[in-house]
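Below is one structure, written out as structure tokens, with a few remarks after it.
The values are calculated or read from the model by the stated rules, or taken from the named source; none is laboratory data. Not measured: the values here are computed from a predicted model. Neighbour counts are summed over all protein chains in view; Cβ atoms, including those assigned to glycine, are modelled from backbone coordinates with ideal geometry.
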Amino acid sequence: MESYLFFGGNCEEALNFYKQSLGGEIVTLMRYEGSPMDTAQLAANWKQKVMHSTFECEGARFMASDTMPGQPAPDYSGFAMSLYVPGSDAEKARRAFNALAEGGKVTMPFTPPFWGGHFGMLTDRFGVPWMVSSEH
């Protein structure tokens, strides 16, 4: 299974933020312009928005796009993106946590929980909730 995130017009900004924060890459990026969705009803300022994208980072991936104009704003409730950093590199996980938290809100600091390893929760600057964990 893969996650699919919807954004209200700032998908490309979010993807670039994740690229910088996580060190991954934007593998696919298709715009509304030139697609079957590019009709007379599509506002001119929406043609360069993201119709579909794929982001990959160290074997994990998710997809994302901007919603169509007139659709409800994304509401990221009832789920969280989970970033697990395997191995003994808790500092790598901490760096990812801190980068994702920049401009967002930490809801649980990245610390050793009672079950072991390291774990933290945050909501990034785009309103997307994240759980970051590592083995050690």
Scan region 25-37 and give yes if some residue there is in a strand (DSSP E or B), under 16 Å from PRO129 (Cβ atoms) and either of a type outside the set (Phe, Trp, Tyr) or in contact with a strand residue (DSSP E or B) (Cβ under 9 Å, 6 or more places away or on another chain) (or both), otherwise no. no
Strands (runs of 3 or more DSSP E) contained in region 40-136 and holding at least 3 residues within 16 Å of GLY8 (Cβ to Cβ): 50-57, 60-66
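So that you can scan it fast, the table gives a plain yes or no per residue for (1) at pLDDT 95 or above; (2) in contact with an Asp or Glu (Cβ under 7 Å, 6 or more places away or on another chain); (3) assigned by TED's automatic domain parsing to the domain that holds GLY127:
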{"position": "MET30", "(1), (2), (3)": "yes, no, no"}
{"position": "ALA44", "(1), (2), (3)": "no, no, no"}
{"position": "VAL50", "(1), (2), (3)": "yes, yes, no"}
{"position": "THR54", "(1), (2), (3)": "yes, no, no"}
{"position": "GLN71", "(1), (2), (3)": "no, no, no"}
{"position": "PRO74", "(1), (2), (3)": "no, no, no"}
{"position": "GLY87", "(1), (2), (3)": "no, yes, yes"}
{"position": "ALA90", "(1), (2), (3)": "no, no, yes"}
{"position": "PRO109", "(1), (2), (3)": "yes, no, yes"}
Which of the residues that make up region 27-50 are in contact with a Lys or Arg (Cβ under 6 Å, 6 or more places away or on another chain) and either closer than 17 Å to GLN71 by Cβ or surrounded by 16 or more Cβ atoms within 10 Å (Cβ to Cβ) (or both)? TYR32
All but one of (1) hydroxyl-bearing (Ser, Thr, Tyr); (2) under 21 Å from the mean Cα position of the chain (by Cα); (3) assigned by TED's automatic domain parsing to the domain that holds GLY8 hold for THR39, so report the exception by its number. (2)
Pair list, Cβ under 9 Å, 6 or more apart: region 92-118 residue at positive phi, other residue part of a helix (DSSP H, G or I): GLY103/PHE17; GLY117/ALA90; GLY117/ALA93
With (1) free of Cβ contacts under 8 Å to residues at least 60 places away in the same chain; (2) closer than 22 Å to PHE119 by Cβ; (3) surrounded by fewer than 16 Cβ atoms within 10 Å (Cβ to Cβ); (4) not basic (Lys, Arg) as the list, and ALA80 as the residue in question, which single condition is left unmet? (3)
For GLU12, indicate whether it is among the acidic types (Asp, Glu), in contact with a strand residue (DSSP E or B) (Cβ under 6 Å, 6 or more places away or on another chain) and part of a helix (DSSP H, G or I). yes
Go over the candidates MET121, MET63 one by one and state the one that is closer than 21 Å to THR28 by Cα and either aliphatic (A, V, I, L, M) or at pLDDT below 95 (or both). MET63
